[in-house]
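Some notes on the structure that comes next.
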Amino acid sequence: MEAAAGGEGPGCGCKGIRSCLLCEGPAQAAPPPQGEDNFTYCPATGLAVGNEHSEFAGWAFPFPGVFLTEEFISEDEESEIVELMDQDDWKPSQSGRKKQDYGPKVNFKKQRLKAGSFIGLPSFSKKIVTQMKDYSVLDGFLPVEQCNLDYVPERGSAIDPHFDDWWLWGERLVSLNLLSKTVLSMSCDSEDSIQLFPSFSKEKELSPSGSLAQTSACENSGKQRISCTSSPRLVPSKEVTVAIHLPRRSLVVLYGDARYKWKHAIYRKHIEHRRICVTFRELSAEFSAGGRHEELGKELLGTALSFQGRPV
């Protein structure tokens, strides 16, 4: 898309190449690229499984670094949280989103930050953060920043494939998906290849004398499994995109490879109704115990965990 295609329309926060339905106008030649996911992540097995009508049908590969739990909060809790959010202003953001930020003022390009007007995470998040302690993947997770993003189809809300910063933010990105389901699309720009393995359903497993029954070392729980004894297939990473389906009120954690090797995106076509994403971020090692900016990190965490904040 040409840089001139983006621009601020009424209530629009787009800049540069970013655009939304508010600023594109009738002259827009084509919508932004939507991406086509050719694999789907299976939370029960940790596998990315080739979609039925793609060229990768019948193939799968391990996709580490994702934790997904459904119904993290109740429907009543969801309603209460959204009602409290809507009592504060939503600021226009890029690509048809609106946002509420609770965190320090940061210049990522120059690697500078200060507390600014940040006085803590909102009070309603205290219960959410406490509940995170029930999950081992979030052991020791202390959020220093919260970002609420509001998506609606009428604005063409989306977010392009990107990495979250890792100078200030730590390994785990934690997002709570509210009001409607969506799809988190994962893509990789690496020049490396991915090793795919033949996949099969549990129901189709052969008898003990059959070849597929000899793959117990690499079997996974759930219906889908991979055969490590059959010949693998190498494909360029750039040809692979993985859909992570996020049900309403689910919590997803990205870490490891899913955080540092794979970009994540939300495409317009996956926003069917209003959706709010609440993302919590922890500090990087540089701002944690033993890090170069440990004292500043302590100060920011103390502020964040007071849970007395308003959007900055």
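The values are calculated or read from the model by the stated rules, or taken from the named source; none is laboratory data. Just so we're clear, the structure is a prediction, and the values are computed from it rather than from any experiment. Note that we place each Cβ from the backbone using ideal geometry, even for glycine, and neighbour counts take in every protein chain shown. Just so you know, the surface numbers come from the protein's heavy atoms only, side chains and all, with ligands and any DNA or RNA stripped out. Shrake-Rupley method; radii C 1.70, N 1.55, O 1.52, S 1.80 Å.
Shape class for segment 52-113: oblate, because the ratio a/c of the largest to smallest gyration tensor axis (alpha-carbon atoms, square roots of eigenvalues) is 1.5 or more and b/c is at least a/b.
Treating r as the C-beta distance of ASN107 and ARG233 and R0 as 35 Å, the FRET efficiency rounds to 0.20.
The residues of the chain expose on average 50 square angstrom of accessible surface per residue, using a 1.4 Å probe on protein heavy atoms.
The long axis of helix 294-304 is offset from the longest Cα principal axis of the chain by roughly 80 degrees.
With the helix formula -39500 (n - 2.57) applied to DSSP H stretches of n ≥ 4, the chain reaches a computed 222 nm mean residue ellipticity of -3000 deg cm²/dmol. Subtracting the Cα-Cα distance of ASP189 and ASP164 from 0.36 nm times their residue separation leaves 7.5 nm of extension gain.
In the chain, the longest principal axis of the Cα atoms and the axis of helix 75-85 are about 40 degrees apart. When each of the peptides 112-121, 177-186, 134-143 is scored by how many other beta carbons lie within 10 Å of its residues on average, the order from highest to lowest is 177-186, 112-121, 134-143. Taking the 1.4 Å solvent-accessible surface of segment 34-164 as the whole, the part contributed by carbon and sulfur is 48%.
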